[in-house]
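Each reported figure results from applying straightforward, stated rules to the coordinates on display, with no laboratory input. Remember, predicted model here, so these are calculated numbers, not experimental data. Cβ placement follows ideal geometry from the backbone for every residue including glycine, while neighbour counts extend to all protein chains displayed.
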Amino acid sequence: METGRWIPISIFIAVVMGTEYRCPSIKPCNCTCTSHKKSVYADCSNRGLQTSPTFPDDVIAINFARNKFSEIPQNLPSTLMYLDMSHNNLQHLNHTSLSRYGQLKNLSVSQNKLSEVHIGTFKKNSKLEHLDVSKNDVLTIDVIYNISIDMKNSKKIKMLNFEKLHCTYGVSHILTADHVVNLNQTNLVELNLASNRINSLDLNVLPSLPRSLRILNLSDNVLSFGLYIMQFAVLHNLEILNVSFQSSFHQVSMNGDFFQKCDDSRKPPMFRLAAHVSGTKHHNQTIPLSGLRLGNDDVGRLIENYTVYMPPNLRMFYAHDNLYKMSLPYIPFGHQSNLTHIFGQRNILYELIGPMTGMDNVQYIDFSGNFCRYIGKCFLKSFKTLRKLNLSNNALGQVFEKDTNGELFSEQYQLTSLDLSSNRIVRLPAKIFQNNYNIIYMNLSYNSMTEFHVQINHMKNLSLVDLSYNQLSSLKSSTRDALDTVSRGRVVNVNLIGNNLKCSCENLDFLKWMQDSETLKFVFFRNYTCAFGNSSNFPMSDIDILLQSLEKKCSSYTLVIVVMTSLIIISTTLLLSRIIYRYRWKLRYMYYVAREKYQGRVNIDDVNCQGSYRYHAFISYADLDRTFVIRLAKILEKEYNLRLCIHHRDFIPGTGIAENITNAIHNSRQTVCIMTSHFLTSYWCMFELNMARMEAIYSRNGENVLFLIALQSRVMRDLPLHLMDLVESKSYLEYPEGEKEEEAVAFRAKLGETLKSKDDV
């Protein structure tokens with residue numbers, strides 16, 4: 001990112017001054033001129049000149065760039081204001097080089113072969129505003145002292161460009177206060193110290209810079225961490241700070257740069273220390289600064305204990321393309337009222353933990369290409385005014401997938417542009433952007449998403465959704481409806497190029513939606529392709545032909561699919577119904593047994609293991625036969641000492657009938673059914689009969705525990721067919737007909753003995 005304000009003469013002439021023409025007044029006439037308000041601007045660049053032409057006095061700007069001058073011409077107009085001597089062969093500048101040009105405002109001697117700039121060179125150029133001595137990589141940064149001596153009392157100087165005064169592969173240096181202290185009383189606005197292999201700043205450098213400074217460029221150096229970092233706050237008017245490209249790799253060039261002799265061993269001039277800052281106060285504590293250097297761990301501890309103060313008027317902070325491998329922990333910054341842009345791309349910030357407090361007005365953040373694998377849920381909490389966020393080219397896919405509650409971007413209500421491309425995202429939670437109402441541009445390209453179900457209905461300003469180069473085969477109906485909603489009354493661009501779109505019957509609605517959408521514009525639609533069956537990709541530019549072919553193919557299978565589906569459903573239903581009906585009593589029995597067991601009311605396993613029962617028999621009868629049953633039960637209990645379970649007497653109140661019946665059968669040695677026509681027509685009597693049969697089969701190992709008493713003649717003939725095995729096994733007694741008491745007594749005696757025969761209660 002360029003932060004300089006140097007304006008080359010050629011650009012100034014061509015853009016600002018107007019139409020160019022040949023210069024007849026210049027001898028020889030090999031320059032191009034432009035006139036403006038009785039002044040002439042001459043462009044003599046790239047002419048192979050070694051000596052200067054003769055210029056009239058009305059020429060105030062001359063561009064001598066890319067020629068072969070070995071010294072500053074001395075025959076130029078004394079009223080000259082703009083002079084560009086860049087890309088020449090200048091080797092030395094001394095007090096005579098520019099002394100006759102006292103009106104100079106802009107001077108560039110960039111990219112020459114300068115090895116010396118003597119003190120006094122610019123002493124008479126008191127009106128100089130812009131000075132560019134950059135890319136003279138033999139001068140070294142020591143030349144700054146010489147120049148600053150000449151600028152000491154200047155009130156006009158605004159920009160000094162000292163970029164690349166060291167050779168690319170030289171040793172590193174420490175910038176000291178002696179280099180810049182003479183600039184302290186100037187009105188300097190911009191200082192460029194880029195590409196000088198500066199390793200550190202002396203603790204007096206930043207306090208020695210003029211308070212008027214607004215732009216400071218320290219990029220492309222080899223800055224290490226030190227306590228000087230805490231001193232940037234003294235630059236009260238600084239608006240732009242560039243510390244990018246620290247320790248960056250420089251491509252080795254075999255054209256002479258690599259084998260260039262670096263003049264790094266020259267002895268520096270004898271500096272006079274004009275000012276000395278012994279310490280600075282912070283949080284009511286005095287920290288000695290002189291000679292103090294901090295490592296990474298020391299800075300980390302310092303940040304934990306102190307608030308970090310940046311220049312109060314800082315707006316732009318450039319810290320990209322550095323080779324610092326680090327995580328960003330909790331950092332409390334002092335209140336920043338003007339900081340709006342943070343450029344931190346292409347570093348190695350592998351973790352963004354945060355929060356970074358005091359960043360209340362930041363509107364733009366670029367942390368792309370940082371190999372970042374983690375971002376804390378509170379990292380962005382302080383950036384509530386953020387409008388543009390770029391987190392592309394990282395490895396944050398898993399972090400985004402786990403943000404099911406949408407906490408990462410929950411405070412970014414004003415966010416308009418979000419770039420999450422190339423982050424290895426497989427899926428995104430629906431609520432991840434739930435609070436981002438003002439999104440205009442959303443870039444999710446170059447990920448691995450197979451589906452896109454993110455809530456976007458609330459994004460009323462959405463203009464572009466870039467889903468290109470993912471693994472999407474289509475968009476679900478809910479997503480299509482959401483896009484239709486946000487595109488009402490305006491055009492929304494959707495980019496789906498590079499996805500695995502499918503031309504199949506399942507995607508027919510999706511393909512029709514793409515064709516029929518009027519307010520949705522599919523970016524590069526003619527370049528889309530989709531897989532059609534087993535053949536190669538089909539171009540979407542012929543979507544009409546594609547849809548006709550698909551509709552014909554899909555319609556031929558629709559009836560078959562409907563019929564086969566209906567037959568399968570009907571067959572499955574009939575089969576399940578038959579199975580359920582056939583085993584209905586078994587299923588009901590198993591249900592009630594399991595229910596009783598898991599409710600803890602009856603422990604069936606304990607009963608079966610102990611071989612003992614609470615009752616000799618459970619008497620099952622219809623209510624209309626209650627009189628007979630009560631009389632019979634009293635006699636059996638009295639004369640034969642039997643314990644019988646009768647429902648109107650022994651069932652537990654408040655418990656369901658089915659549960660009481662199941663409980664009674666489980667706790668009785670046998671079940672006696674009083675068979676009458678009333679019994680056969682009673683739902684609960686038949687329920688008891690079938691439950692007793694299931695008990696015999698599944699809980700008593702096939703033992704016959706069911707005993708039938710036929711009170712009415714021929715009642716056994718009316719039993720349902722599935723119960724006729726009870727008649728065939730003759731496991732029943734017929735109650736004697738008539739009023740013969742002797743036969744009734746004999747019947748009761750036989751019944752009592754039968755029930756008593758296995759007395760294990």
Can you give me the P(r) profile for region 430-525? Cα pairs, bins 5 angstrom wide beginning at 0, each as a whole percent. 3, 14, 24, 29, 20, 8, 2, 0
To check my understanding: the extent here is largest minus smallest coordinate of the Cα atoms along each principal axis. What are those three numbers for region 373-444, in Å, largest first? 27, 21, 20
Taking only the alpha carbons of region 457-510, what extent do you get along each of the three principal axes, in Å, biggest first? 31, 21, 15
As an exercise, take the mean of 1/r over every pair of distinct alpha carbons in region 190-241, invert it, and state the Kirkwood radius in angstroms. 11.3 Å
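Arrange the peptides 677-683, 375-381, 566-572 so that the one whose residues have, on average, the most other Cβ atoms within 10 Å appears first.
With the highest mean Cβ count within 10 Å placed first, the list reads 375-381, 677-683, 566-572.
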Take region 155-217, drop everything but the C-alpha atoms, weight them equally and run the Debye formula without solvent; then report log10 I(q)/I(0) at 0.16, 0.29 Å⁻¹ to two decimals. -0.51, -1.31
Give me the Å³ per residue figure for the convex hull around the C-alpha atoms of region 25-132. 85 Å³
Backbone HN-Hα couplings from phi across region 128-140 [Karplus 6.51/-1.76/1.60, Hz, Gly and Pro as x]: 5, 10, 10, 10, 10, 10, 5, 6, 10, 7, 10, 5, 6
Between their Cα atoms, which of 38/124; 402/431; 402/460; 27/68 are more than 22 Å away from each other? 38/124; 402/460
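Over its Cα atoms, what ratio of radius of gyration to 2.2 N^0.38 Å does region 71-174 give?
After normalising by residue count via 2.2 N^0.38 Å, the value is 1.01.
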Evaluate the Debye formula for region 318-419 with equal point scatterers sitting on the alpha carbons, no solvent, and hand back log10 of I(q)/I(0) at q = 0.20 Å⁻¹, in q order, two decimals. -1.06
